[in-house]
Structure formats: structure tokens, C-alpha cells
Amino acid sequence: MKHLMFSVFVLLMLSACDDKPEPEQTEMQQTPEVTLQQQFDSYKGLAWQVVEALQNQSTAQQLQDLTLKLITSSTGLFLNLKAQLPECEASLQAMAEATEFQQQQSDDTEALKNVITINVEPELPEFAAPSCYHAQKLLLNPLAVYKFAEQADLAQSDYQKAKLKMTDSFARIKQLELITAIE
């Protein structure tokens, strides 16, 4: 009888040990890794919001807010592209740092009380391949739109130029999707 009870006790202990790793596995499954395609889709979604604001001729402040959101949210995209485009690592790192700086400025409550200053012409390394040029445009086009939105009164031509910049961003995304799919 003692032997039977001891065996049951050992089985219970072993089954208790087996149950512990499962919660760790579910925690890992709950935080899925964001893929490059998901980041492209996120960028396109935010860029489309900017285009819709331009089509609706939204106020300069609304355009600034939307383009700032697009700029600051693209950090992960640039960091993730480094694995796919190693020849662009220096350029992508510089772009990620520029967007992180913009994020820090927009998060700073003191900066929100004052005018947020954005460096619309960040220093980026020379690109080593056409893919680097396409990637840089994903930062430079929204910065150009932000620069248009800094004006108090936006003319019809400003909205048109800004729309062209955003259309160019969609073309660059398509180029990058094709390049990263091939490799």
C-alpha cells in the first residue's frame, strides 16, 4: 500500500512539473514577431491617412499631426529592413535614429507645449544601392509633406505637391516589397 501511495505521489509530482513549461510557451506565443510585410502594411495605412487628409484639404495642423505619426512610426520598418537590405544598413540606421529622435520630441510634454521642431533634412549617408534610395524616400517624402504643412496657409499647389510626394512613397514601398521578396 505504501508503495502504491508513493507511486501516486511521484506521478503527481511529475505531472506538476510537466504543467509548468506550458504557460511559458503560451506567453511566447502571445507576443508574435512583427513581420516586414506587416510593417509595410502599417506604413501604407498611415500614408493613406495622410493622402486622404490631403484630398480633403485638411488643416495644416492635421497634416502635421498625421505626417508626424507616419514619420515616428516608421522606426521599426527601417530597423527591420536592415536584415533584408544589409547594403543599406548605415542609411537605415540613420533613418531609424532620426525617427526615434522625432518620437522623443513628440513624447516630451514640454515640447508639445512649444512648437515641435522637426529636422526635415536629416543627414543620411550616400546610398550604396537603388534599394537604399527607395528606403530613404520613405522618410524624406513624409518630411517634405510635413514641411509643406508648416506653412500657415496651404495653397492648392501645396496640396498637389504633397500628394505627389505621398504617391511616390507608395511606389517606393512597392519597389522595396519586390526587392525584399526576391532576396
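The values are calculated or read from the model by the stated rules, or taken from the named source; none is laboratory data. Predicted model only: the values in this text are computed from it and were never measured. Here the Cβ positions follow ideal geometry from the backbone for every residue, glycine too, while neighbour counts run over all protein chains shown. Heavy atoms of the whole protein, side chains included, go into the accessibility calculation; ligands, DNA and RNA do not. Shrake-Rupley method; radii C 1.70, N 1.55, O 1.52, S 1.80 Å.
Remark: region 53-59, residue by residue, has Karplus-estimated 3J(HN,Hα) of 5, 5, 5, 7, 6, 5, 5 Hz, where x stands for each Gly or Pro and the curve is 6.51 cos²θ - 1.76 cosθ + 1.60 at θ = phi - 60°.
Report the gain in length on full extension from ALA181 to GLN61: 0.36 nm times residue separation, minus Cα-Cα distance, nm rounded to one decimal.
Numbers: separation 120, 0.36 × 120 = 43.20 nm, distance 3.70 nm.
That pair, ALA181 and GLN61, stretches by 39.5 nm at full extension.
Compared with the alpha-carbon gap, the fully stretched path from PHE170 to GLN84 is longer by 29.1 nm at 0.36 nm per residue.
So what is the accessible area of region 122-172 per residue, in Å², with the probe set to 1.4 Å?
Details: 2540 Å² over 51 residues.
Dividing the accessible area of region 122-172 by its residue count gives 50 Å².
Distance between the modelled labels on THR35 and PHE101, one decimal in nanometres: 3.4 nm (7 Å Cα→Cβ projection). A simple rule links phi to the HN-Hα coupling: the Karplus curve 6.51 cos²θ - 1.76 cosθ + 1.60 with θ = phi - 60°, which for region 132-142 gives 5, 5, 4, 5, 4, 5, 5, 9, 5, 5, x Hz, with x for Gly and Pro.
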